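The values are calculated or read from the model by the stated rules, or taken from the named source; none is laboratory data. Not measured: the values here are computed from a predicted model. Here Cβ is always computed from backbone atoms with ideal geometry, including for glycine, and neighbour counts include all displayed protein chains.
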Amino acid sequence: MFPHERYGNRIPSEREHRVIELVAQGLKNRDVAQAIGTTEHVVKNYLRVIYDKLGLWNRVELALWYESRRPSAQLHPVMPEGSAQWISPATY
């Protein structure tokens, strides 16, 4: 199976995307529910729909899916001036 075939092609709604974001941050269903102003049962339903839409099986896959789609500027920390320099993979 090719990576581009792994995930479903349906797009999550804004509310679903907020649930994804909170789950990817490591929040439990109860905490997600509190953050979006609903019940834990509703969050579980959201997750079922999200997993189906994206072709995922669990929270770990969901967090990885979310992280793989974040802008690269958020993934790589910026080195402060005067600190050690990053070694580019191309220089190995």
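Search segment 6-33 for residues being of a type in the set (A, V, I, L, M) and part of a helix (DSSP H, G or I), and hand back the single one that is farthest from the chain's Cα centre (by Cα).
My answer is Ala33.
Search segment 41-61 for residues being loosely packed, with under 14 Cβ neighbours inside 10 Å and of a type outside the set (Val, Ile, Thr), and hand back the single one that is nearest to Arg10 (Cα to Cα).
This residue is Asp52.
It is to be established whether one or more residues within segment 24-36 are at pLDDT 95 or above and β-branched (Val, Ile, Thr).
Within segment 24-36, one or more residues are at pLDDT 95 or above and β-branched (Val, Ile, Thr).
Contact list please: Cβ distance under 9 Å, first residue in segment 34-55 and over 10 Å from Glu16 (Cβ atoms) and in a loop (DSSP other than H, G, I, E, B), second residue among the small types (Gly, Ala, Ser) and modelled with pLDDT under 95, pairs at least six apart or on different chains.
Final answer for the pair search is Gly55/Gly8.
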